[in-house]
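Student: If you scroll down you'll find the structure; I have some questions about it.
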Amino acid sequence: MGGKKKKSLTQMEKAQRRAEEKRRKREARLRESQTKGLARVIMPNIKDQNVLDEIKKMSVITPYAIASRFNIRISIAKDMLEKLHQRGLVTFVSGNRNLKIYRPA
């Protein structure tokens, strides 16, 4: 029934320091996510020689690898790999409904 007791000065200082630290970390995390940026939605040109050279350097090609290399969304990377496969630039190795693995032709 007495209620909550008043904190001592050191306890209040520690609580204030912890709150300040938490706020600083949250701001840093938000700043980091803003600088990271968003993935592009436009597919890189498949006929571009630089794109083809990058793909030929890779030993195994997955949608995630393409998406991270060219900073595009995974759905766009899947479409890109499908088009490359249709053109004969990559060969299908293995995969299932969720993941397809390719190799450079």
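The values are calculated or read from the model by the stated rules, or taken from the named source; none is laboratory data. This structure is a prediction, so every number in the text was calculated from the model and none was measured. Cβ sites come from the backbone with ideal geometry, for glycine too, and all protein chains shown count toward neighbours.
Student: Please name all residue pairs, on different chains or six or more residues apart, with Cβ atoms under 9 Å, provided the first residue is in region 76-105 and is on the phi > 0 side of the Ramachandran plot and the second residue is not in a helix (DSSP H, G or I).
Tutor: Pairs that qualify, where the first residue is on the phi > 0 side of the Ramachandran plot and the partner is not in a helix (DSSP H, G or I), are 88/105; 95/62; 95/101; 95/102.
Student: Let me ask another. So which residues in region 40-77 are charged (D, E, K, R) and modelled with pLDDT of 90 or more? Steps first, answer last, please.
Tutor: Step one: filter region 40-77 for residues charged (D, E, K, R), giving 40, 47-48, 53-54, 56-57, 69, 73.
The answer is 53, 54, 56, 57, 69, 73.
Student: Something else about it: Any chance you could count how many residues in region 41-62 are of a type in the set (Ser, Thr, Tyr) and under 13 Å from residue 80 (Cα atoms)?
Tutor: As a first pass, look at region 41-62 and keep what is of a type in the set (Ser, Thr, Tyr): 59, 62.
Subset that is under 13 Å from residue 80 (Cα atoms): 62.
Count: 1.
Student: Next question, about the same structure. Any residue at all in region 3-12 that is out of contact with any Asp or Glu (no Cβ under 9 Å at 6 or more places or on another chain), at pLDDT 90 or above and on the phi > 0 side of the Ramachandran plot?
Tutor: no
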